[in-house]
Every structure is written in C-alpha cells, then in structure tokens.
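Inspection log for the structure reproduced underneath, given as structure tokens.
Derivation of every value follows stated rules applied to the coordinates shown; laboratory data play no part. What you are looking at is a predicted structure, and each value in this text was computed from that prediction instead of being measured. With ideal geometry, Cβ positions are generated from the backbone for all residues, glycine too; neighbour counts draw on all protein chains shown.
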Amino acid sequence: MPDVRVVNVVKKYGKVYALNNVSLNIHDQEYFSLLGPSGCGKTTLLRLIAGLIDPDGGEIYIGDCRVDKAPPEDRDIGFVFQTFALFPHMTAWSNVLYGPKVKNYDTKQAETIGHEVLELVKLSERLNAYPNELSGGMMQRIAVARALAAGAKTLLLDEPLGQLDAKVRNDIRYEIRRMAKDLKLTAIHVTHDQAEAMSISDRIAVMKKGKIIQVGTPKELYMHPNSIFVAFFIGESNLLEGHITKSDDKIAEMELREGYTIEAFNQKKLKMGDRAVLAIRPETCAMRQGLINENRNGLFGVVEKTTFEGTIVRYDIRLVNGDRFLINRPSLTEEWVSIGQEVTITYPLEKAHLFPYPENGLNDEISV
C-alpha cells in the first residue's frame, strides 16, 4: 500500500491561508492522524489529498504518482465522512456494492467483495437494513465498508466519529484502526479529539492556523512537546510565566511574579534576563499538605476547588504569588485534600518543559 507525500502545499480562500506551505510524509500502512482545533486546516489537507479541492501550490504524491492534478477516482482512495453519507434509499448491501458496480466489477466478484467487507465490519446480518434502521455506529461501519469495497488503498477519514456518542465512539475507533491494519491500508484520520488521536495513531501531526507545528508518535508529542502550543493542546499543562535569573547548560532559575523562584531544565538554552514559560503537566506533580520548603522546585498554595472525575481528583490551587495551578491525583489510592488546605507542590524537573516567551504573546500562542 502507498505512502502519501505532501510537498509545500498552499491553499488560500481569498487572502486567508487555509494551508501555508505544508509538507508531510505519511508512511506506507501507517495509521496517521491530523489533529488540531477547528479551522486549523486539517480537513482542507485531507480534501486536497482526496482530490475534492485543488491546491493553489505544491505537490501531492500517493505512492510514486503525483496526484494533485488527477481526479479523485484515479487516486485509489476511500473517503469516510463525519455525516455517514449513505444513500438513504439503498440497503446496507446496496450501499456497499455501489463502488464495485460503478467500477464495472462482474456480479460475482462484487458480491464476494461485499460479503467480505460486511464480515470485516461485523454487519453481515444487517445487509438488508436501510440506513434509518441502523444505529450511528452501524452506519459509520457501513460507510467504511463501502470505501473498502471500492478497492481503496488509502483510507481518508474526516472526523468519522464526531456524530457518535462517547461509548460507541470509543468502540468504533479501535474497530476502524483494526480494519485498516488487517487490510494493510494507509489511513489518514482527521480529528480535534486528543484522546481519539492519541489512542489509535501510529503518528500524529498537530496543526494550527494552516501550519504543521509538530509530527511525532503520541508518546513523543506528550513527553517532548516542541512548543508551548503542543504542550498546552496535547493533554493539559500549567503555564508559569517569568524570567531567567540564573542559567547554565543544564539548569535555569526562573523568577515568577512576586519574586517567587523555581528551577527547570534549560532545554532551550535560555540566558539570564530572557522571558520564559514553564509548562508542567497536572498529573506529574506530587502534593503534600502544609507548606514545606525543602527544594527549589517547590510551589506553595491553597486548594480552592476539588472536582471528582472518577479515577482522578482535580485540584484547583491558588499559588502564593496569585497564579492558578491544576493538579490531577488518583482518587482511589490517595487521601483527598480539602478545600482551603495549604499545600506544597513538587514536580520532576525532567517532566517540565521550559520555553522562551512567545513573541506574539502567551494568549495568542495557546489560542485555538
């Protein structure tokens, strides 16, 4: 099955860049996700690969063939829409066989393919049902089956789970990945749901405002974000602003508001006087009751709010310098801390990420 390459692709609507000089290499048989907030260009990129719209510049390759000027039917792709897009007057069987018939497969071959893909999506027993007789999850599986029956080598999925409820969405996302892997397809999945992308993707491209910010495995994006935006958008991060008061190649000392000083690994080689932002994930922190001044990466504050979310308790804490700080702790293995309690927070230096303060301002940097 083919790899997919996008080279310096540009797409404009008037003066607005939907995609601004985007390049991307998706590997053969990879399950790849395009992740980002609404309006970042991920669906535009998917539609360009599918041939549903034309680029204003750049090149697109599927396998060894340049396809940016080729019609959609010559690209060997299957497209699965968020809205299911089944023919309402056709049964599941007729929907699935539509592609093979359009491609003039003989009847026996088309029926063989139809039975195979319906078995693959575990809906053989509903082949005579019309779309309005199927659940949302079933309709989306029929939509995937129709794409596969047409001989797709590359599967493109545009928010395919967006209209499903949470339980069905969790089940179907693993089914779609399983099918793609079983058939050795190259799959490109568009979503704004971090959990969805992180759970099923081999790699993810994080997008913002028509550009790709970072590409990597879910673990790489989570553990080693290359920017404040990725640290904030993938999972959660507390963002502490300050300036560097002392630094060397390994450790930087950072002063927050009100003269509050902490330490961080100096990954970006910041110098004394530089403005900086430290990103700390809520689940990496430890919290003890009382104010305990033992090390330079201790944070002190008061619990203002607790939220029980099943396996975790979320603590909203107001630090002594006025900054807000969020901590997630296991709900079943630790004693809960009450509202109004003074606490000491510590974080491992190797799991905190120090970045230079963005030129466009912090709010603009993390805006979606």
Rounded, prolate or oblate for region 188-317? Axes are the square roots of the Cα gyration tensor eigenvalues, ordered a ≥ b ≥ c, and the cut-off for rounded is a/c under 1.5.
oblate
Where does each of 344, 83 land when they are ranked from fewest to most other beta-carbon atoms within 10 angstrom?
83, 344
Tell me which residues come under 5 Å, amide H to amide H, from residue 245 once H is placed; ignore anything under 5 positions away on its chain.
253, 254, 255, 273
Region 96-139-region 251-322 distance, computed between alpha-carbon centres (Å):
55 Å
Rounded Å value of the spacing that divides the Cα centres of region 149-206 and region 210-226:
18 Å
Amide H of residue 41: which non-local residues (sequence gap of 5 or more, or other chain) have their own amide H closer than 5 Å, using H built in the peptide plane?
210
Note, region 307-316: 3J(HN,Hα) by Karplus (6.51, -1.76, 1.60, θ = phi - 60°), whole Hz, Gly/Pro = x, goes 10, 8, 10, x, 7, 10, 10, 9, 10, 8
I want to verify a result. In a Gaussian network model of the chain, Cα cutoff 10 Å, which of these has the top mean-square fluctuation: 53, 213, 312?
312
Give the long-range amide H neighbours of residue 129: residues separated by 5 or more places, or on another chain, with amide H under 5 Å away, using H modelled in the peptide plane at 1.01 Å from N.
92, 93
Work out from phi, with θ = phi - 60° and the Karplus expression 6.51 cos²θ - 1.76 cosθ + 1.60, the ³J(HN,Hα) of each residue of region 107-118, listed in order in whole Hz, and give x for Gly and Pro.
4, 5, 5, 4, 5, 4, 4, x, 5, 5, 6, 5
Could you please rank 201, 23, 124, placing first whichever residue has the fewest other Cβ atoms within 10 Å of its Cβ?
23, 124, 201
When the helix-only estimate is applied to the chain (DSSP H runs of n ≥ 4, each -39,500 (n - 2.57), divided by the residue count), what is the mean residue ellipticity at 222 nm, nearest 500 deg cm²/dmol?
-7000 deg cm²/dmol
Label points 7 Å out from Cα along the Cβ direction at residue 23 and residue 53: separation in nm?
2.3 nm
Tell me the GluC sites (Glu not before Pro) within region 241-332 that lie in a loop according to DSSP and have at most 10 other beta-carbon atoms within 10 Å.
294, 309
Mind sorting 281, 47, 178 by how few other Cβ atoms lie within 10 Å of their own Cβ, fewest first?
178, 47, 281
Read through the labelled values (i) 76, 48, 37; (ii) 67, 46, 32; (iii) 78, 47, 33 and report the label of the one computed as Cα extents along the principal axes in Å from the structure.
(iii)
Count of lysine pairs, region 218-368, Cα-Cα under 24 Å, sep. 8 or more residues or interchain, comes to 15
Hey, quick one: spin label on residue 360, modelled 7 Å out along Cα-Cβ, who in region 197-236 has an amide N within reach, i.e. under 11 Å?
208-211, 229
Mind ordering 150-156, 85-91 by average Cβ neighbours within 10 Å, highest first?
150-156, 85-91
With no solvent and one point per C-alpha, what does the Debye sum give as log10 I(q)/I(0) for region 1-129 at q = 0.09 Å⁻¹?
-0.35
